[in-house]
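Peer 1: Quick one: the structure is below, questions incoming.
The values are calculated or read from the model by the stated rules, or taken from the named source; none is laboratory data. Note that the structure is a prediction, hence the values are computed from the model and not measured. Positions of Cβ are generated from backbone atoms using ideal geometry, with glycine treated the same way; all protein chains shown enter the neighbour counts. When the accessible area is computed, the model is the full protein with side chains, heavy atoms only, and any ligands, DNA or RNA have been set aside. Shrake-Rupley method; radii C 1.70, N 1.55, O 1.52, S 1.80 Å.
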Amino acid sequence: MSDYDRDNIFAKILRGEMPCVKIFEDNDTLAFMDIMPQAEGHVLVIPKAEACDMMDLDDAMAQKLIVNVQRIARAVKSAIGCPGVMLAQLNGSAAGQTVFHTHFHIIPRHNGVELGFHAKNMADPGELEKIAEKIRPLIS
Ligand code: 5GP
């Protein structure tokens, strides 16, 4: 994509230039804990492709991404023990997107618990690692 910024934060995470609490990785996809979670167990899943948003992905990559989102969402649901899981995917600043590398949010939801603020409160990486340790072994 011509307007893809190779210095966006997720591109840096993919290159290993910025840290993340990794959940899962294969040839096409990386999943890691959201640093400003909207709920405990908030995970991001990104493609290893230079794509600002979903419309930039080719069919093959879009399929691989959604299949891994489904796999990881199952693991998040089991690890957190939440009755609901919200999948969110924002395209463009008008839609609320703040990082311009395609991604899915996997956000655990509990009855009667409000969704936390979007990209607002920084979590402790040590606490994120403890949650990641529960999720990783459940990805099948
Ligand atoms: P968007 O607003 O683009 O849909 O979501 C971007 C997400 O990336 C937000 O939920 C935000 O908390 C998360 N985020 C922003 N910077 C970082 C970072 O450096 N590391 C991680 N792990 N998540 C980030």
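Peer 1: Which of the residue pairs Lys22/Lys120; Lys22/Lys130; Lys77/Lys130; Lys22/Lys64; Lys48/Lys120; Lys64/Lys134 have a Cα-Cα distance greater than 22 Å in the structure shown?
Peer 2: Lys48/Lys120; Lys64/Lys134
Peer 1: Considering only protein heavy atoms and a probe of 1.4 Å, how much of the accessible area of segment 9-138 is carbon and sulfur, as a whole percent?
Peer 2: Numbers: 3630 of 6680 Å².
Its accessible area is 54 percent carbon and sulfur atoms.
Peer 1: With a sphere of radius 14 Å drawn around the Cβ of Met36, what net charge do the other residues whose Cβ falls strictly inside it have (Lys, Arg +1; Asp, Glu -1)? Please list the in-between numbers first.
Peer 2: Details: positive: Lys120; negative: Asp34, Glu40, Asp124, Glu127.
So the environment of Met36 carries a net charge of -3.
Peer 1: Nearest 10 degrees, 0 to 90: what angle lies between the long axis of helix 125-135 and the longest principal axis of the chain (Cα atoms)?
Peer 2: Computed tilt is about 80 degrees.
Peer 1: Next question. Normalised by the residues of the chain, what does the relative contact order come to in percent, with Cα pairs under 8 Å and at least six apart?
Peer 2: Values: 241 pairs, mean separation 44.2, N = 140.
Relative contact order comes out at 32 percent.
Peer 1: Could you do me a favour and compute the accessible area per residue for segment 9-138, 1.4 Å probe, result in Å²?
Peer 2: Ligands and nucleic acids excluded, the figure is 51 Å² per residue.
Peer 1: Per q in 0.15, 0.17, 0.20, 0.26 1/Å, what log10 I(q)/I(0) does a Debye calculation on the alpha-carbon atoms of segment 74-120 return?
Peer 2: For the requested q values the scattering log ratios are -0.47, -0.58, -0.76, -1.01.
Peer 1: How big is the chain along each principal axis, measuring the range of its Cα positions in Å and listing the largest first?
Peer 2: 42, 31, 27
Peer 1: Please give the net charge around Ala11, taking every other residue with its beta carbon less than 12 angstrom from that of Ala11, where Lys and Arg add +1 and Asp and Glu add -1.
Peer 2: 0
Peer 1: Another question, if that's okay. Please give me the summed charge of the neighbours of Asn91: other residues whose Cβ is under 15 Å from its Cβ, Lys and Arg +1, Asp and Glu -1. Mind showing how you got there, number by number?
Peer 2: Working: positive: none; negative: Asp3, Asp53, Asp56.
So the surrounding residues net to -3.
Peer 1: A further question follows. Select from segment 73-140 those GluC sites (Glu not before Pro) which occupy a DSSP coil region and have at most 15 other Cβ atoms within 10 Å, ordered by residue number.
Peer 2: Glu114
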